[in-house]
Amino acid sequence: MTAKPNLVVIGTGGTIAGRGNAAVNTSAYQCSVLGIDEVLASIPHADALANLRAEQLLQTGSENFGNAHLLVIGRRVSALLAQPDVDGVVIAHGTDTIEETAYFLHLTLKSAKPVVVVGSMRPPSALSSDAALNLYDALAVAADPASRGLGALVVVNDEIHTARDVAKRNSFKLEAFGSPYGPLGYVVEGVPRYYRRPARPHTLDTPWSADALDALPKVDVVHAYGALDRRVIDAIAADARGLIYAGTGNGNVSESLIGPLRDAARGGLRVVRASRTGSGVVVRNGAQPDGAFGWLTVDDQLPQKARILLMLALTQTDDPAALQAAFDRY
Ligand code: ASP
């Protein structure tokens, strides 16, 4: 018989810690009211999987998470992973921005130990809540040695996703999450099964460490449409270091904004063309002469992921070629 792993379960709020007035309240409820101890206590047989220690780090919906929250979570998870008696960490998190926190951890943790971010679409009080099963599955994934070295994982709805790719794609259904290239694996009857590994570098193979970050530079995202007013661009250029332009289709820029975005880039704002479509690559120097305009392009990163990546990259360089290399590599 092998010893059970030691897992720390961090609570940060969200629907997984929510409570509704009635069991039919699957989408209308109070978020972030249950402590992580209470949530964990409701999971049957959880302690058969691992020795569990709960820790309440935050208690708020993830729509409120700013850069300071990312840094708090990153530093705490990093400190826990550095402890020899901690074998893995599970973070219970709101689903709205789970993909950003997970990607931030994926790029900044310096450990091969399993890190699993989990949320639920329905609070524990709702009919057919996914809270208990998702949390159980997250514990099972974090307890599994096969989860080592995969970077941060997001476990929801029977699936194990890489933090790089996963995104919330539906506002209320249980089947809300997806990755453009599919999940890494499933959790079946409480047992993880992997079918693939992340292809891009993460955790130990990136230049960023959660421990070394005191602040993140301001990077904004703009959701584009033909009538978008240049004043939005000008306002961002006034105080941000970077702008993710979630353009239409292949990151397309309306004619009226080519001049403002080109001027903003000349003025030092790092402008990144991304796509608002939700998947696919943006072709560099395709529809626009990105090199000549001083613009960067994502590879396939969604705008919200590109924001995390650009913030991290800007902590070490302002050189456009080096920043572009980060989009091509991670
Ligand atoms: N607003 C919640 C949050 O992201 C939604 C959820 O957890 O599903 O924290």
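Readers should treat all values here as calculations from the given coordinates under stated rules, not as data from a laboratory. Keep in mind that this is a model prediction, so the values were computed, not measured. We place every Cβ from the backbone using ideal geometry, glycine too, and count neighbours over all the protein chains shown.
Just a few scattered comments:
- Pair ASN67, ASP214: separation of 7 Å Cα→Cβ label points (nm): 1.3 nm
- Look at the alpha carbon pairs under 8 Å that are at least 6 residues apart: their mean separation over the length of the chain gives a relative contact order of 14 percent.
- Amide H contacts under 5 Å for LEU296, placed H, 5+ residues apart: VAL271, VAL272, ARG273
- Structure note, pairs LYS110/LYS218; LYS4/LYS173; LYS168/LYS218: Cα-Cα distances above 32 angstrom occur for LYS4/LYS173.
- Sites matching GluC sites (Glu not before Pro) across segment 78-186 that sit in DSSP coil, with at most 11 neighbouring C-beta atoms within 10 Å: none
- Gyration tensor verdict on segment 262-330 (Cα atoms; rounded if a/c is under 1.5, prolate if a/b is larger than b/c, oblate otherwise): oblate
- ASP144, ASP319 arranged by Cβ crowding within 10 Å, fewest neighbours leading: ASP319, ASP144
- Computed from Cα positions, the angle between helix 303-314 and the longest principal axis of the chain comes to roughly 80 degrees.
- If R0 is 30 Å, the Cβ-Cβ spacing of ALA41 and SER171 corresponds to a FRET efficiency of close to 0.55.
- Phi-derived couplings, Karplus 6.51 cos²θ - 1.76 cosθ + 1.60 at θ = phi - 60°, listed residue by residue for segment 23-40: 5, 7, 6, 8, 10, 10, 6, 8, 7, 6, 10, 8, x, 5, 4, 5, 4, 5 Hz, with x used for Gly and Pro.
- Within segment 168-265, antiparallel bridges make up roughly 55 percent of the DSSP beta bridges whose residues both belong there.
- Overall, segment 29-94 carries a charge dipole of about 220 debye about its Cα centre when +1 sits on the Cβ of Lys and Arg and -1 on the Cβ of Asp and Glu, all other atoms neutral.
- Between the amide H of GLU159 and those of VAL187, distances stay under 5 Å, these residues lying 5 or more places away or on another chain, with hydrogens modeled in the peptide plane.
- In degrees, nearest ten, helix 255-266 long axis to first principal axis of the chain (Cα): 80 degrees
- Taking VAL33, VAL219 and counting other C-beta atoms within 10 Å, the order from fewest to most: VAL33, VAL219
- Between helix 67-81 and the chain: long-axis angle, C-alpha atoms, 0 to 90°, nearest 10: 50 degrees
- The chymotrypsin sites (Phe, Trp or Tyr not before Pro) found in segment 150-188 that occupy coil by DSSP, while having at most 12 further C-beta atoms within 10 Å, are PHE172.
- In order along segment 163-168, the phi-based Karplus estimate (6.51 cos²θ - 1.76 cosθ + 1.60, θ = phi - 60°) of 3J(HN,Hα) comes to 4, 4, 9, 5, 8, 7 Hz; Gly and Pro are listed as x.
- Here the extension length gained between TYR194 and GLN56 equals 46.7 nm, from 0.36 nm per residue of separation less the Cα-Cα distance.
- Per-residue HN-Hα couplings for segment 185-201 [Karplus 6.51, -1.76, 1.60; θ = phi - 60°; Hz; x = Gly/Pro]: x, 10, 10, 10, 6, x, 10, x, 9, 9, 10, 7, 10, x, 8, 9, x
- Normalised contact order of segment 1-68, rounded percent, pairs of Cα under 8 Å and 6 or more residues apart: 45 percent
- Span from the segment 277-299 Cα centroid across to the segment 142-215 one, whole angstrom: 26 Å
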